[in-house]
Amino acid sequence: MSSRIEQLIDEIEEYIDSCKYQPLSNTKIIVNKEEIDELLRELRMKTPDEIKRYQKIISNKEAILNDARAKAEALINEATLHTNELINEHEIMQQAYSQANEVVTLASHQAQGILDNATIEANNIKTAVMQYADDMLANMENLIAQTANMTTAHYESFVNNLNSYSEIVRANRAELNPQEEDFLDEGNGTGEEPLNLDLL
C-alpha cells in the first residue's frame, strides 16, 4: 500500500519533471519556490504519521508477552489441578506430592522458557522496526536536503544569468549611444548599475 509520503515524493518528482528549462539549457530548470516549499512542508508533517504506524508494530510485544503469560498460567493451573488430584489419593500421597512438585517445577521452567523466548522475539521486532524507522528518516532527510540544494543552485544560476544579460544590454547600449552613456556617467558619477537580484 502506497503511503502519503510516497505520494508526496512522486508529486515532487512530477513537479520537477514539469518545470520549464532555463533558456539555452537542457538540464537547468526554473522552479516555483512556494510550490516546492509547500510540498516539502507537507512531507515533513506526514513523516511522524508514518513513524506512528510502525510504532504499532512495537506494541505487539505486549501481545506476545500476554500470550506467553496465559500459556504459562494454563500450564501451572494444569499442574496444580493434577497435584490436587494426586494428593486426594491417600494411598499414594507421598508419591503424589513428589510428582506434583516435579510437574510444577517442569511447568515453571517451561513457562519461564516461553516468557524468555517471547521477550527475545519482541525485542528483535522492536529493534528491527526502530532501525527501519531510522533508515526511513535518514532517506527523507537526504531527499529534502538534495531538493533544497538543487532549488538553491537553480535560483542562483537564474540570478547570475539575469545579471549577465543586464551587463550585455548595458554594453550594447553604450556602443549604440555613447553620448547618452557619457551623460549618465557625468550626471550621477556611476552610470547604470547592472541588475542585481541577490535581495529578491
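The eigenvalues of the Cα gyration tensor, multiplied by 5 and square-rooted, give the stretch 72-167 an equivalent ellipsoid with semi-axes of 76, 8, 4 Å from largest to smallest. Placing 170, 41 in order of accessible area, with the largest value first and a 1.4 Å probe, yields 41, 170. Counting every pair of alpha carbons in the stretch 94-145, the share spaced more than 15 Å apart comes to 68 percent. Here r is the Cβ-Cβ distance between residue 24 and residue 156 and R0 is 22 Å; the resulting FRET efficiency, rounded to 0.05, is 0.85.
The values are calculated or read from the model by the stated rules, or taken from the named source; none is laboratory data. Bear in mind that the values here come from a model prediction, so they are computed numbers and not experimental data. Methodologically, a virtual Cβ is constructed for each residue, glycine included, from the backbone with ideal geometry; neighbour enumeration extends over all protein chains shown. In case anyone asks, the SASA skips ligands and DNA or RNA and just uses the protein heavy atoms, side chains included. Shrake-Rupley method; radii C 1.70, N 1.55, O 1.52, S 1.80 Å.
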